[in-house]
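So the structure is just underneath, and the comments pick up after that.
The values are calculated or read from the model by the stated rules, or taken from the named source; none is laboratory data. Keep in mind it's a predicted model, so treat the numbers as computed, not measured. So basically every Cβ, Gly included, is an ideal-geometry build from the backbone, and we count neighbours across all protein chains shown. SASA here: full protein model, heavy atoms, side chains in, ligands and nucleic acids out. Shrake-Rupley method; radii C 1.70, N 1.55, O 1.52, S 1.80 Å.
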Amino acid sequence: MNSVIRGTEFNYQIDTEYGINHDGFIAEGTESIVFKGVKRGGDLRYSCALKFKPKSRLHDFMNREYKILESIQTCRSIVRVLDVIEDLGNFSLHYNKGEITNENFFCVVEEYIDGDSLQDYCIKQWFCYNHSTNKWERNSVEHSYREVVKFQNQIIQFMIDLCEIMKFVSNVNERNGKINPNMPIILHCDIKPENIMVTKHGKELVLIDFGRSQSIMYGRTYQHYSDRSAMTFTADYSDAQWQDVGKDNFYSYGTVGYAAPECYASPSKGEFPFISQCPFLNYGCVSVESDIFGFGTTFSECMSIYEICKDVLEKDPNSSDPRLFNQEIKTQSEKSVRNGTTERYCDRDFRNINIAFHELLEDIIRKCTKTRCADFQNPDKSSDEYYHNFYQLQNEIERARDAIPSLDRKSDPLVRQMLGISGFCAAFAGCFLALWLLLLFFADPLARDRWEALKINYTDNQKRTTFVSVAEDMMEVPWNSSKKKNFEDILKFTYSGKPNDSTIDGDEADILVSLLKKHIHEQSDWVYYIDAIIQNGKNDNMNEIAKIIYRLNLSEKYESDGYTLAKALTQVGNADDSDEETLREAYDVLMKYSDDSSYRKIVAKLAIKLMSGRKIDTVAASLGLDRETVQNVLAPLTKIGGD
């Protein structure tokens, strides 16, 4: 037998310098055993994670999990897959529950994330494992009001960062449509602190373990089945099965304690854990709301970690198990569900926290984990009762963060000592306010003076420096009418001021769209400006300009002519040659605007795109026409552009 795994390009070995027992062991999940590995390339050594999965999971991994991971590898906050080794050769490895060999396992090589899981990170804020005594102990950090506030602020930032990651993963925008219509909605289905890594340097989050993830191309929900042929998702909730909860029985799709009620299977035996919610649940029907539930339980656990771990140590002060807390948290959740004490499984709160966190955070956690009711997965029918995307959730957390005082004078004695100088602070604040109002009044005239000076001496190399700076000042005025007038002046200058040759190039379009999004908040006001950018866009940059406009994700009710054309051009550029639906829709848009001289340049670009590759054959087939007929329609349109 051999200790070396031969991969596609590199060789891998277990890092025997890592781990509690120097065996390289990292963790064992429900579907994999993870060791720290060493990737060898010439004389260089690189750290990696070696994830051993049962051979029975190989087909599912390659056809589901691996494809999902491949589609989101562009996000740096998603764990990177470096290699998949289906044949381990004569490699073997003993671990405490058996032996890993080629007969029963394959290996997924992932990047090694130097850090802790979010759960371990939170635990280590208050507790440490003493390797000399082999016991868990309280560390030197005082559990005081100031330390709790500091910890709270860090967790809030982590949750905002996690929202950013999940916005990318879920592919659902703030209006519950897709960000990218050609990409699926991806459900992680196992959001919990153990599956979120915190890097040691920089405290960046990395989301791992997509073993239960699912992708949805159409609609918003995914129906899980334990028996696909019968299309059922059932579980045995009898005493015999619950003695071995969390192993092989399909009690839920996810992890008990973090999985939403809809993730549980319908009972084949025994009683369903969430009896009160039975009328409202489609068992095993998961959605973005299910991931948001896991997010809420994760948020709640992080905030409650001190009290959870304190209780664990009081029960077993001499524990020598370095992973005790992780196991105890899972055990408590399983007991809660098994005993029917599920009132607090949903509607999480801070009742067990001695030093209260801010009530705004509790409201967010309650809404994330809210008891399910009718139409809870339908954004149109329950928009105010549940979060339906991570944009809404992130906005709420950011608002809570901005509303929470860094210190509360009623709770912190050091703040009370500062009340003696409050009169001086109030007077200073009054003076500052008066000065601010004065500057506000003169903001527009001052910005106008800079703008006029810029126009006189403008050169193209000032585009990304002075031009952006002055344009930002122009848009910082307090009144909406002034903002719009100033934006119109900036817009007109980009295609009529020297030395721009009467066109808007890609850089200018990017600057204009950034100003539009940042300073003019009503999408209904964007229509005129979008059309003007497209109409005056530079012919050579039209593809780039269309992509920039399309990224605005304009609501359908506000879609303008320019946006419709930019959308069609971008989607055709991203579409396969055989994507009949997308190409036919783009062709229809082209025909609609083919005689509109205002959009001749983008019409020409769209016609060229539809004639490229075999796209024209697909369009012809959808129209029931031959290629030559369609070509005769498109060819004249390709020649009407030009600056």
Could you calculate the FRET efficiency of T638 with S496 from 1/(1 + (r/R0)^6), where r is the beta carbon distance between them and R0 is 25 Å, rounded to 0.05? 0.35
Of M183, W136, F272, whose Cα points farthest to the positive end of the dipole of the chain (charges on the beta-carbon: +1 Lys, Arg; -1 Asp, Glu; origin at the Cα centre)? W136
Just how much of S578 is accessible, in Å², when a 1.4 Å probe is used and the result is rounded to the nearest 10? 90 Å²
Pick out, from S594, N339, L361, the residue whose Cα sits farthest towards the positive end of the charge dipole of the chain, with +1 on the Cβ of Lys and Arg and -1 on the Cβ of Asp and Glu. L361
Shape call for region 128-212 from the C-alpha gyration tensor, a ≥ b ≥ c root eigenvalues: rounded (a/c under 1.5), prolate (a/b greater than b/c) or oblate? prolate
Residues whose built amide H sits under 5 Å from the amide H of Y95, excluding neighbours closer than 5 in sequence, are I100
Just the number please: accessible area per residue for region 16-80, 1.4 Å probe, all protein chains included, in Å². 53 Å²
Which of the peptides 604-611, 345-352, 590-597 is most tightly packed, and how do the rest follow, going by the mean number of other Cβ atoms within 10 Å of each residue? 604-611, 345-352, 590-597
With only helices counted (DSSP H, runs n ≥ 4, each -39500 (n - 2.57)), the per-residue ellipticity at 222 nm for the chain, to the nearest 500, works out to -13500 deg cm²/dmol
Rounded to the nearest 0.05, what FRET efficiency is calculated for E142 and I20 with R0 set to 25 Å and r the Cβ-Cβ distance? 0.35
Neighbour net charge for V108 - beta-carbon separation under 12 angstrom, K R +1, D E -1: -3
Between helix 600-611 and the chain: long-axis angle, C-alpha atoms, 0 to 90°, nearest 10: 50 degrees
Give the distance, in whole Å, between the Cα centre of region 577-593 and the Cα centre of region 1-42. 50 Å
Taking R0 as 41 Å and r as the Cβ-Cβ distance between R80 and S132, the FRET efficiency 1/(1 + (r/R0)^6), rounded to the nearest 0.05, comes to 0.65
Would you pull out the residues with amide H under 5 Å of C285's amide H, same chain only if 5 or more places away, H placed 1.01 Å from N? H224
Within region 133-167, which residues have the backbone N less than 20 Å from the label spot 7 Å out from E314 along Cα→beta-carbon, could you tell me? 136-145, 148
Under 13 Å from K269, Cα to Cα: aspartates and glutamates that are on another chain or at least 8 residues apart: D236, D239
Using a 1.4 Å probe and ignoring any ligands, DNA or RNA, find the accessible area of Y264 and quote it in Å² to the nearest 10. 0 Å²
For the peptides 557-565, 141-149, what is the packing order when you average, over each peptide's residues, the other Cβ atoms within 10 Å and list the highest mean first? 557-565, 141-149
Using only Cα atoms, find the angle between the long axis of helix 288-315 and the longest principal axis of the chain, and express it within 0 to 90 degrees, rounded to the nearest 10. 40 degrees
Percent antiparallel among DSSP beta bridges confined to the chain, nearest 5, equals 90 percent
Sorted from largest down, give the three principal axis spans of the alpha carbons of region 157-302, whole angstrom values. 47, 35, 27
Given backbone amide H placed at 1.01 Å from N, residues whose amide H is under 5 Å from that of T371, ignoring those fewer than 5 places away on the same chain, are D347
Taking Cα atoms, how many degrees apart are the long axis of helix 359-368 and the longest axis of the chain, rounded to 10 and kept between 0 and 90? 90 degrees
If the cut-off is 21 Å between C-alpha atoms, which lysines fall inside it for K150, apart from same-chain ones fewer than 8 positions away? K124, K200, K203, K310, K410
With charges set only on the Cβ (+1 for Lys and Arg, -1 for Asp and Glu), what does the dipole of region 540-643 come to about its Cα centre, in debye to the nearest 20? 280 debye
If you roll a 1.4 angstrom probe over the protein chains with everything in place, what fraction of the accessible area of region 93-238 belongs to carbon and sulfur, to the nearest %? 48 percent
Could I get the Rg over Rh figure for region 584-643? Both from C-alpha atoms, Rh via Kirkwood, rounded to two places. 0.95
Looks like region 467-576, by Cα gyration tensor root eigenvalues a ≥ b ≥ c and the a/c under 1.5 rounded cutoff (else prolate when a/b is bigger than b/c, oblate otherwise), is oblate
